[in-house]
């Protein structure tokens, strides 16, 4: 990791985030061909690059990338946490009915375009994987070199994760999920657990929004 500098690694990671989010936030301005090209690039190039960067940055933070099947108990915990966070989101929306929820609006528009299936695949599968590798893995590992207190790191990374998704009524629950996912990585040393938790969270949230929107 000594050969890897923080600024270049973060720049590359954030660039990958911007590319991976392009189909989600610019669906009206991208052609079908452009959407498919970005999707193929994500799978064949971006995710492998992120895995490589994570492996390099994780050495000094005692994190090792394992791709193993998550335990059944952990899957149940993921569903429970997601259910609690969605309930909290609904409660916040009830008390703040006049606040515009940009995340729900974005989902609504995605489901009403000709790219809806590609957008759903990107939002619920690809983006969770890239975000976990970048935020929970690379960013945490880089900061771990300078901040030894895990609690402080969990708070910092979770706040960053929340604001990365924009200012919306859901920012509190997004930060809370970020903290939960970070704790999973610290406890299990298994990045696949974080990715699975994030994928489940997004899929369940999408279903709930689709039913009630």
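The values are calculated or read from the model by the stated rules, or taken from the named source; none is laboratory data. Not measured: the values here are computed from a predicted model. Every residue, glycine as well, gets a Cβ built from its backbone with ideal geometry; the counts of neighbours run over all protein chains shown.
Here are the numbers for the structure shown:
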{"item": "Among residues of region 172-204, those that are within 13 Å of the chain's Cα centre (by Cα) and farther than 20 Å from residue 155 by Cβ, counted", "result": "9"}
{"item": "Scope region 165-213; condition under 17 Å from residue 72 (Cβ atoms) and out of contact with any helix residue (DSSP H, G or I) (no Cβ under 6 Å at 6 or more places or on another chain); matching residues", "result": "187, 188, 190, 192, 196"}
{"item": "Among the residues listed as 138, 199, 134, 155, the single one being surrounded by fewer than 18 Cβ atoms within 10 Å (Cβ to Cβ) and at negative phi", "result": "155"}
{"item": "Tabulated pairs, region 88-99, first surrounded by 11 or more Cβ atoms within 10 Å (Cβ to Cβ), second at pLDDT below 70 and assigned to a loop (DSSP other than H, G, I, E, B), C-beta under 9 angstrom, 6+ apart or interchain", "result": "89/101; 92/99; 93/99; 93/101"}
{"item": "Those residues of region 113-151 which are over 18 Å from residue 177 (Cα atoms) and at pLDDT 85 or above, in sequence order", "result": "149"}
{"item": "Selection status of residue 28, surrounded by fewer than 11 Cβ atoms within 10 Å (Cβ to Cβ) and either in contact with a strand residue (DSSP E or B) (Cβ under 8 Å, 6 or more places away or on another chain) or at pLDDT below 80 (or both)", "result": "yes"}
